[in-house]
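**Student:** Would you mind keeping the following structure in view while I ask a few things?
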Amino acid sequence: MDKIVSLAKRRGFIYPGSEIYGGLSGTWDYGPLGAELKFNFKQQWWEYMVLRRENVFGINASILMSPKVWEASGHTASFTDPLVECKTCHERIRADFDEEIRAHGEGHKAKKEKVDWTEPRKFNLLVEARLGAVEESKSTVYLRGEITQGVHVNFKNILDSMHPKIPFGVAQIGKAFRNEITPGNFTYRLREFEQMELQYYVRPEEKAAAEVFEFWKEERMKWYIGLGLNKDRLRFREHAPDERAHYARSAWDIEYETPFGWKEAEGIHNRGNWDLSQHAKFSGEDLSYFDPEVKDRFIPWVIETSCGVERPLLYFLLDAYHEEEGRVVLKLHPRLAPYKVAVFPLLANKPQLVEKARQIYQLFKAPSSLPGRRAGKFQVQVMWDDRGNIGKRYYSQDEIGTPWCVTVDFQTLEDETVTVRDRDSMKQERVAAKDLESYFAERLQ
Ligand code: GAP
């Protein structure tokens, strides 16, 4: 973990939030490489969960919502963690975190002090903000504690504008905020983080909902494995009834085995009709669905898949980190790697090599004329490097997970071929410069 934290900072993946002012606990900033990695991660999720499906729509709701939303959803009353306070040093710790309770006790034991805890008390996780132009009339609102409610409050709008047929899903990616008592383990527990969620509306029937639940559980697990996470380090875990959030009829986590134990990557929940019926009650709006096929009106149930961004991305980084003889290599899936290709002129002081290498670099960098694609005709995240010798450049690209390096050398000037070096196998092959686009397109499919 320490190695990942240090690599992430040194190579521009993740920096401590507000660092020059001494930091702000529970916040981290994503640097140039981290921003690309995050973008790729979210894009992979969106492609898998939205673009390839017929019955899933995307939405992008506000972070600031009416405080009534949180009253209705139960978060004002129930979005709490149990907290105990040490009567000697007044440190507050989550009562359900055995490791921290133990570690705190160890500290006291060393000083021969006894730990005397208060009874657990509830601590609300919603982050407050004050909105309004005039100081006296500012009102308290909450930064959303989960992105979910932005979907449910728009249920009627979605029905009226998209006319979906049940079952259907609404997906969203966005920021959420929680006043976590003990943020930590790098980007594992944050106070500001992103979530990627699907709210899948189904008929309110136990058996049908259970089948859909199973379907999404398997789909979500496949997604992690498909993006290269070691499947031996992944597992499902069912929540015990007393562990479930207030909205959940059933809940399963996908967990990853980290250096600090098995930890949650995402939750899959059967939320029943909790959200829609609560919002119907509090808003007075009719949030039922009419099924024209069976001429039946009902409040649908919701199966939710709720995935973080920073937390599972940390698992991908931990999983990808390898130390091999003479190098550190981040074996990220090419679709996640911040840069797909690095282009080098063998020697930086040979204008002919530099010019040829620039042409190849521009080929991948050029802006697209095709709409709807961030990538160009075949645009990929490409890096230019002409510093130091070729060995150092390979080392540097391995450490940030670039899957392929393209070197323009003297042979290129004779026969228009380049060397392509593969990150994982370290094998090199000659490829015609004109075939590079299809070479990488094939490998990124
Ligand atoms: N809408 C349901 C919901 O929010 P959750 O289990 O509280 O469910 C879902 O959160 C996911 O969001 C978690 O599995 C985790 O990946 C991420 N997450 C939750 N709290 C987090 C935190 N404090 N820091 C980083 N990620 C967090």
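**Student:** Please tell me if ARG393 is in a helix (DSSP H, G or I) and either crowded, with 17+ Cβ neighbours inside 10 Å or at pLDDT 95 or above (or both).
**Tutor:** Yes.
**Student:** Check off (1) open to solvent by 30 Å² or more (accessible area, probe 1.4 Å); (2) closer than 28 Å to THR80 by Cα; (3) not in a helix (DSSP H, G or I) for GLN172 and give me the number that stays unchecked.
**Tutor:** Only one criterion in (1) open to solvent by 30 Å² or more (accessible area, probe 1.4 Å); (2) closer than 28 Å to THR80 by Cα; (3) not in a helix (DSSP H, G or I) is unmet by GLN172, namely (1).
**Student:** Please work out if GLU206 is open to solvent by 10 Å² or more (accessible area, probe 1.4 Å) and within 10 Å of the ligand (Cβ to nearest atom).
**Tutor:** It is false that GLU206 is open to solvent by 10 Å² or more (accessible area, probe 1.4 Å) and within 10 Å of the ligand (Cβ to nearest atom).
**Student:** Could you pull out the residue among GLU205, GLU243, GLU255 that is in the same structural domain as PRO167 (by TED's automatic domain parsing), acidic (Asp, Glu) and touching a Leu at 6+ places or on another chain (Cβ under 8 Å)?
**Tutor:** Going through GLU205, GLU243, GLU255 in turn, just one is in the same structural domain as PRO167 (by TED's automatic domain parsing), acidic (Asp, Glu) and touching a Leu at 6+ places or on another chain (Cβ under 8 Å): GLU255.
**Student:** Quick check on PHE193: is it open to solvent by 10 Å² or more (accessible area, probe 1.4 Å), closer than 30 Å to GLU85 by Cα and either out of contact with any Leu (no Cβ under 8 Å at 6 or more places or on another chain) or part of a loop (DSSP other than H, G, I, E, B) (or both)?
**Tutor:** yes
**Student:** Where in segment 260-331 are the strands (runs of 3 or more DSSP E), entirely inside, with at least 1 residues that are away from the ligand (no atom under 16 Å from the Cβ)?
**Tutor:** The qualifying strands (runs of 3 or more DSSP E) are 289-291, 296-298, 321-324, 327-330.
**Student:** Something else: Right, GLU243: more than 21 Å from ALA208 (Cβ to Cβ) and either within 14 Å of the ligand (Cβ to nearest atom) or of a type outside the set (Phe, Trp, Tyr) (or both) or not?
**Tutor:** Working: more than 21 Å from ALA208 (Cβ to Cβ): yes; either within 14 Å of the ligand (Cβ to nearest atom) or of a type outside the set (Phe, Trp, Tyr) (or both): yes.
So GLU243 fits the description; yes.
**Student:** Report yes if ALA61 is surrounded by 14 or more Cβ atoms within 10 Å (Cβ to Cβ) and within 25 Å of VAL141 (Cα to Cα), otherwise no.
**Tutor:** Yes: the conditions hold for ALA61.
The values are calculated or read from the model by the stated rules, or taken from the named source; none is laboratory data. Treat the numbers as computed from the prediction; the structure is a model and nothing was measured. Note that each Cβ is placed from the backbone with ideal geometry, even for glycine, and that neighbours are counted across all protein chains shown. Side chains are part of the model used for accessible areas, which takes the heavy atoms of the whole protein and leaves out ligands, DNA and RNA. Shrake-Rupley method; radii C 1.70, N 1.55, O 1.52, S 1.80 Å.
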